[in-house]
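Trainee: Can you keep this structure in mind? I'll have questions shortly.
What follows draws every value from the coordinates through simple rules; no lab data is involved. Only a predicted model underlies this, so the values are computations on that prediction, with no experimental measurement involved. Methodologically, a virtual Cβ is constructed for each residue, glycine included, from the backbone with ideal geometry; neighbour enumeration extends over all protein chains shown.
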Amino acid sequence: MQHVDMYYDGTWSGLLTTIFEIFEYKVFPITLRNSKERQQGMFQTEHEVLTQQGKADRVMNGLIAKVGKKGYAELWHTYLSELPEAPLLVVRVASYYFNDARNVRSNFAHDHILQLKKIIKSVSRERHRMKAFTRFQLLADGMYVAVIEPDFNVLPLIQKHFQDRYADQRWLIFDVKRHYGLFYDGHVTSEVTIDHTSTIANATLVDLHDQQEELYADLWKRYFKSVNIKERRNMKLHLQHVPRRYWKYLHEKSFGMEI
Amino acid sequence: MGERIKEKLEILADAAKYDVSCSSSGSNRKNKEKGLGNTGAGICHTYTEDGRCVSLLKILLTNHCIYDCAYCVSRKSNDIKRAAFTVQEVVDLTINFYRRNYIEGLFLSSGIFKNADFTMERLVQVAKKLRQEHNFNGYIHLKTIPAASPELIHEAGLYADRLSINLEIPTDSGLKLLAPEKNRGDMIQPMTYLKDQLVKTKEEKKIFKSTPHFAPAGQSTQMIIGATGETDKQIITAANYFYQKFNMKRVYYSGYVPISYDKRLPAIGTEVPTARENRLYQSDWLMRFYGFQANEIVNDAHPLLDLDIDPKLSWALRNMDRFPIDINKDDYQLILRVPGIGVGSAQKIIAARRFGPLNLDHLKKIGVAVNRAKYFIVCKGFMQIYADKRSDIIKSYILNTSKSKYLSTGNQQLQLF
């Protein structure tokens, strides 16, 4: 086994291909980075992975056979965290899965598994938050639009939830941090991108609002204030559940303004 | 029109806020025929500044009420603004809030106007309209009005996900004192009816999959804490009774918020008993998820919960002979009894120890509060050095190394005296 610096294209299929080539070429990454970051000059200790769907599919099927669909999904969710340490961790855990005869997915005493579970928990928490904090605004043309800015790339993880829930309305959820969104036209959901110079923001949506939009946004704000019990005020708990970074997309927090 | 609806919403949300329940989980309603909404594991869409979850549009249909219960803000004799929604207004609010992803659904309660059936009928109309005219599959929690007729309760169950009747005051004597017009029987009767219907529906579903939904998220109830002089033993015994006898999904505990100058009640300005409320919820969890019996938590020798330590630690200190527990050998149920080990950690311990014996460092990484658990366990490389220590000494060790978030201010005040 040779230890090398590895590069891949940053995609999930690329990462799965990386796992394949570790076994194919009997190498193991000391570092794993995006090919874009690769410096000039070819050293002996470098290995660049070229994404091949065939290899990626074989790794996917192998992982599912070894640790189940859930175990496979955990690795994907870790990748979606976009944390710098995530790709290498995914590779390490996947090879631990393949190298051990047992199903070691629940070995909570293992350092890499623990690290993985921690990231999965954060991603899952962010996914849940986006199910909760996504706020649609109704536009005059009948479309419901929401702007989000999640810590992790969780849009793929909330698609089914919103599709199942809002099956009879057209909606768009746009991730301003990653410049892409999900658009549901009443039948199917597709990924949409807009060019990098323009963006969708709450301020620009106002002109497009349906005439009832302000009424309901205002009713919601009033409701939010009225259900609060002043005698039980507990701002520490409030902030723990609704961290400030989400306020700018929440009507009830007046889009980030202090109340 | 816009201004009036805003005022109504403020009045009728304010009046509904003392009902604690905001759960939107436990149902299994799916979106059908490309309609609107579904139910799932429950989502809190925001939290108010008191730190409470906002999951449902929680409102009263009206705060007009023919009763004069001392503990209730909507009591007849109270000089407050009154309002009433029309059925259509509640439907429109629910649909429009839901479509914007503000809420998981509706929690509709009401003051009692004219009589029980007249009120209940209006509540049912709202739910029926949402389900039938709008194909709304989100969560609906309806309050059951005490003494409403079984026909109406049955109909409510066909449209609602959850039904609830509040016990309000845990003891019968307390209820007589504060709400002389109400009687316990009127509350128990619909609970019994619901329980029987829920059991029946469950049985029928086993045979006919097409059996219509009947309150799939079951029934719940609520008790006000600290309005009358009840003990924790009375509260927990009552809760246990309703869990056992009526298959309650949840019993909620609502620390009394002083809203009246009535001499029968704690004066305005009295602190809300949030610490006690928290200890009651912890006890409730012990009964529902940790396999504790009510009389292990409170009994004649120990009728009040400790405020300075949680009920699980309190039980452990009273039962030192049951410890130490061997992390690498003992059953799940025993591991659950260890202070500092929750359901999640206990499951991880069981899963991880199959791959090799666990030591203290492993436990720490798994998420066990080792600074509590260490007095009650043995594991790899760790013998029980505290085994001969008295429980009061262990308690003081633990209190010195940890601080309850609920009591941090309370303790300081006590130390002044």
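Trainee: Averaged over peptide B:35-48, how many Cβ atoms belonging to another chain are found within 10 Å of each residue's Cβ? If you can, show how the numbers build up before the last one.
Mentor: Details: counts 2, 5, 5, 5, 1, 4, 2, 0, 6, 7, 10, 14, 11, 15.
Partner Cβ neighbours, averaged per residue: 6.
Trainee: Specify the inter-centroid distance of segment B:364-395 and segment B:83-143, based on alpha-carbon positions, in whole Å.
Mentor: Distance between centres, Cα-based: 52 Å.
Trainee: Report, in degrees rounded to the nearest 10, the 0 to 90 angle that the Cα long axis of helix B:150-159 makes with the longest principal axis of chain B.
Mentor: Roughly 70 degrees between the two axes.
Trainee: Another question, if that's okay. Once you sort the root eigenvalues of the Cα gyration tensor of the protein assembly as shown as a ≥ b ≥ c, which label holds: rounded (a/c under 1.5), prolate (a/b larger than b/c) or oblate (the other case)? Display every interim value, and only then the final one.
Mentor: Details: a/c = 1.97, a/b = 1.25, b/c = 1.57.
The shape class here is oblate.
Trainee: Hey, another quick one. Just how large is the dipole of chain B about the Cα centre, in debye to the nearest 20, putting +1 at every Lys and Arg Cβ and -1 at every Asp and Glu Cβ?
Mentor: On the way: 59 positive and 44 negative charges, 257 e Å.
Dipole about the Cα centre, nearest 20: 1240 debye.
Trainee: Percent antiparallel among DSSP beta bridges with both residues in segment A:134-256, to the nearest 5? Present the calculation step by step, with values, prior to reporting the outcome.
Mentor: Values: 13 of 18 bridges.
That works out to approximately 70 percent antiparallel.
Trainee: Taking a temperature of 37 °C and a viscosity of 0.692 mPa s, what whole-number D in µm²/s does Stokes-Einstein yield for segment A:129-259 with Rh from Kirkwood over alpha carbon pairs? Intermediate values should be presented prior to the final figure.
Mentor: On the way: Rh = 15.9 Å.
Stokes-Einstein gives a translational diffusion coefficient of 206 µm²/s.
Trainee: Moving on. Using the number of other C-beta atoms within 10 angstrom as an exposure proxy, rank B:Tyr47, B:Tyr397 with the fewest first. If you can, show how the numbers build up before the last one.
Mentor: Values: B:Tyr47 22, B:Tyr397 16.
Final ranking by Cβ density, sparse to dense: B:Tyr397, B:Tyr47.
Trainee: Can you pull the mean other chain C-beta count within 10 Å for peptide A:212-218?
Mentor: Numbers: counts 3, 2, 1, 5, 7, 2, 3.
Mean inter-chain Cβ contacts per residue within 10 Å come to 3.
Trainee: Scan segment B:163-224 for chymotrypsin sites (Phe, Trp or Tyr not before Pro) in coil per DSSP, keeping those whose Cβ has at most 11 other Cβ atoms within 10 Å, and list them by number. Kindly include the intermediate steps, with their values, before the conclusion.
Mentor: On the way: sites: B:Tyr193, B:Phe208, B:Phe214; in loops: B:Phe208, B:Phe214.
Counting only loop positions with at most 11 other Cβ atoms within 10 Å, the chymotrypsin sites (Phe, Trp or Tyr not before Pro) in segment B:163-224 are B:Phe208.
Trainee: If you don't mind, another one. Reported to two decimal places, what Rg/Rh ratio describes segment B:311-415 when computed on Cα atoms with Rh from the Kirkwood expression? Could you put the intermediate results ahead of the total?
Mentor: On the way: Rg = 14.4 Å, Rh = 14.4 Å.
Using only Cα positions, Rg/Rh for segment B:311-415 is 1.00.
Trainee: Okay, moving on. Using a 10 Å cut-off around each Cβ of peptide B:345-353, what is the average number of partner chain Cβ atoms that fall inside? Display every interim value, and only then the final one.
Mentor: Details: counts 1, 0, 2, 6, 2, 2, 5, 8, 3.
Average per residue, whole number: 3.
Trainee: Okay, next question. How tilted is helix B:116-133 with respect to the longest principal axis of chain B? Cα atoms for both, answer in degrees (0 to 90, nearest 10).
Mentor: 90
Trainee: Give me, ordered by chain and number, the residues 5 or more places off B:Ser254 or on other chains with an amide H under 5 Å from its own placed amide H.
Mentor: B:Met223, B:Ile224, B:Ile225
Trainee: Kindly work out what percent of the DSSP beta bridges joining two residues of the protein assembly as shown are antiparallel, to the nearest 5. Display every interim value, and only then the final one.
Mentor: Numbers: 19 of 59 bridges.
If I count the DSSP bridges inside the protein assembly as shown, around 30 percent turn out antiparallel.
Trainee: If I take every Cα pair under 8 Å that is 6 or more residues apart in chain A, average their sequence separation and divide by the length, what percent do I get for the relative contact order? Please report the intermediate quantities before stating the final value.
Mentor: Working: 341 pairs, mean separation 31.5, N = 259.
Relative contact order, chain A: 12 percent.
Trainee: Let me ask something else about it. If packing is taken as the mean number of other Cβ atoms within 10 Å per residue, what is the order of B:73-86, A:77-90, highest first?
Mentor: Working: B:73-86: 15.4, A:77-90: 19.6.
Top to bottom by mean Cβ count within 10 Å: A:77-90, B:73-86.
Trainee: Determine which aspartates and glutamates satisfy two conditions relative to A:Lys117: a Cα distance under 13 Å, and not lying fewer than 8 residues away in the same chain.
Mentor: A:Glu74
Trainee: Another question about this same structure. How many percent of DSSP beta bridges within chain A run antiparallel, rounded to 5?
Mentor: On the way: 13 of 28 bridges.
Rounded to the nearest five, the antiparallel share is 45 percent.
Trainee: Please give every one of the aspartates and glutamates within straight-line cross-link reach of B:Lys8, meaning a C-alpha to C-alpha distance under 12 Å, and leave out same-chain neighbours fewer than 8 residues apart.
Mentor: B:Glu89
Trainee: For the ranges A:204-214, B:336-346, what's the packing order if you count other beta-carbon atoms within 10 Å of each residue, average per peptide, and put the highest first?
Mentor: Descending packing order for the listed peptides: B:336-346, A:204-214.
Trainee: Quick one: putting +1 on the C-beta of Lys and Arg, -1 on the C-beta of Asp and Glu, what dipole do you get for segment B:57-113 around its Cα centre, in Debye to the nearest 20? The partial results should precede the final answer.
Mentor: On the way: 7 positive and 5 negative charges, 17 e Å.
Roughly 80 debye for segment B:57-113.
Trainee: Turning to a different aspect of this structure: Roughly how many whole Å is it from the C-alpha centroid of segment B:278-294 to that of segment A:1-56?
Mentor: Here the answer is 52 Å between Cα centres.
Trainee: Also, I was wondering about something else. Go through segment B:162-231 and name the trypsin sites (Lys or Arg not before Pro) that are in a DSSP coil and have 15 or fewer other Cβ atoms within 10 Å of their Cβ. Before the final figure, lay out each step's value.
Mentor: Values: sites: B:Arg162, B:Lys176, B:Lys182, B:Arg184, B:Lys195, B:Lys200, B:Lys202, B:Lys205, B:Lys206, B:Lys209; in loops: B:Lys182, B:Lys209.
The qualifying sites are B:Lys209.
Trainee: Continuing with the same structure: For A:Gln137, enumerate residues with amide H under 5 Å from its amide H, sequence gap 5+ or separate chain, H modeled in the peptide plane.
Mentor: The answer is A:Val145, A:Ala146.
Trainee: Next up: Using helices alone, I'd like the mean residue ellipticity at 222 nm for chain B: each DSSP H run of four-plus residues gives -39500 (n - 2.57), total over residue count, nearest 500. Can you show the working numbers first?
Mentor: Details: 16 runs with 172 residues, N = 417.
Result for chain B, helices only: -12500 deg cm²/dmol.
Trainee: Right, another one. Given H placed 1.01 Å from N in the peptide plane, which residues other than close sequence neighbours of B:Ile377 have an amide H under 5 Å from its amide H?
Mentor: It is B:Ile325, by chain and number.
Trainee: In degrees from 0 to 90, rounded to the nearest 10, what is the angle of the helix A:155-165 Cα long axis to the longest principal axis of chain A?
Mentor: Approximately 50 degrees, to the nearest ten.
Trainee: Could you name the lysines whose alpha carbon sits less than 17 Å from that of B:Lys312, not counting residues in the same chain fewer than 8 places away?
Mentor: Cross-link targets: B:Lys233, B:Lys374, B:Lys395, B:Lys403, B:Lys405.
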